[in-house]
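Here is the structure we will look at, set down as structure tokens.
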Amino acid sequence: MLASTSISLVISTYNWPEALELVLKSILKLKVSPNEIIIADDGSDERTKLIIQSFKLKTPIPVIHFWQEDIGFRKTIVMNRAISAASGDYIVQIDGDIILHSNFIADHIQEAKMGYYIKGSRSMLSEKLTSKIVKTKNINISPMSSGVGSKINASYLPIFSGFFKGDQLRSNNLRGCNFSFWKADFLAVNGYNNDLEGWGHEDIELAARLTNIGIKQRQLKLKAVCFHLYHKINSRHNEDINYKKYLRTVERHTKRCKNGVIKEL
């Protein structure tokens, strides 16, 4: 990555201020910070706004809060707003329930490469451990602790990271909770597809269009470590419909969605 490249960290969130507070706490511990933090908020109530206001007093990093009315799951819309407004050349995207390792941003910067997006990994935390972390606000998590899932994903061993290659043309394994890309590539495919309504598969559909314009995937393990707080599964009533739209994007080799950052005729 060029030394002059600026980084925007984009965090999606919805009505879990206790989790967002922990995410923001982990950002304060980063060894390398992003140039700006953008919170893409799909209609959270006043509690989230207060958490963000408190965080702004603790960091010199510019913090921007994009909020939209809560009229159902509309993550793609607020993400498109947030990312298109980002000042950074490079976007690192996480969810509002992801606790970051102190080298998280540094690792994404080190691994960023033109012509690629990065698919990171996550370690899932158990319900019991999540409850304890939320109560104590202690975010020092050992990969060997009880309740820490996927010890490989939880381990920071950068010297061995290069052994994990992955399929550079695969798109159906992406998770938006640990994902980075060049803003120019995101805009080239017109961002997230707003026709994917409700929960599910907006990330892999975006990845498919990135693949279709020649942007390849870089898999990242044992670096850019993060921990996913446990929560109950959200309603997934539109999942099958959204997955069929993803398959159509793959089959038709679609490069741009018509209803994304820009609504095209």
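Derivation of every value follows stated rules applied to the coordinates shown; laboratory data play no part. None of the values given here were measured: they were computed from a predicted structure. Neighbour counts are summed over all protein chains in view; Cβ atoms, including those assigned to glycine, are modelled from backbone coordinates with ideal geometry.
With a Förster radius of 22 Å applied to the beta-carbon distance between residue 216 and residue 128, the computed FRET efficiency rounds to 0.05.
Report summary: the helix-based calculation at 222 nm, which adds -39500 (n - 2.57) for every DSSP H run with n ≥ 4 and divides by the residues of the chain, gives -9500 deg cm²/dmol. Loop-located GluC sites (Glu not before Pro) across region 1-81 with a Cβ neighbour count of 13 or fewer within 10 Å are 69, with loop assigned by DSSP.
Work out how much length residue 58 to residue 172 would gain on full extension: take 0.36 nm times their residue separation and subtract the Cα-Cα distance, in nm to one decimal.
Working it through step by step, the gained length comes to 37.3 nm.
Treating r as the C-beta distance of residue 142 and residue 265 and R0 as 51 Å, the FRET efficiency rounds to 0.40. The orientation-averaged shadow of the Cα convex hull for region 127-221, equal to a quarter of the hull surface, comes to 8.3 nm². Note on 189, 148, 134: ascending count of other Cβ atoms within 10 Å places them as 134, 148, 189, the fewest first. Its Cα centre serving as origin, the chain has a Cβ charge dipole (Lys and Arg +1, Asp and Glu -1) of approximately 680 debye. In plain terms, the residue of 38, 152 with the fewest other Cβ atoms within 10 Å comes first and the most crowded comes last, giving 152, 38. Be a star and scan region 169-184 for residues whose amide nitrogen sits under 18 Å from the point 7 Å along the Cα-to-Cβ vector of residue 84. Output list for this probe position: 182-184. Compute, for region 126-203, the length of the dipole vector about the Cα centre, with Cβ point charges of +1 (Lys, Arg) and -1 (Asp, Glu) only. Units Debye, rounded to 20. So the dipole magnitude of region 126-203 works out to roughly 600 debye.
With the simple spin-label model, which puts each label point 7 Å out from Cα in the Cβ direction, the residue 114 to residue 5 separation comes to 1.1 nm. Our estimate of slack between residue 151 and residue 184, defined as 0.36 nm per intervening residue step minus the Cα-Cα distance, is 8.4 nm. Computed over the chain, the quotient of the alpha carbon radius of gyration and 2.2 N^0.38 Å is 0.95.
Over 26 Å between C-alpha atoms is what I'm after, so list which of 221/244; 25/151; 49/137; 113/165; 119/232; 56/258 land there. From the list (221/244; 25/151; 49/137; 113/165; 119/232; 56/258), the Cα-Cα distance tops 26 Å for 221/244; 56/258. Length gain on complete extension for the stretch residue 232 to residue 252, per 0.36 nm per residue less the alpha carbon to alpha carbon distance? Fully extending the segment from residue 232 to residue 252 adds 3.7 nm.
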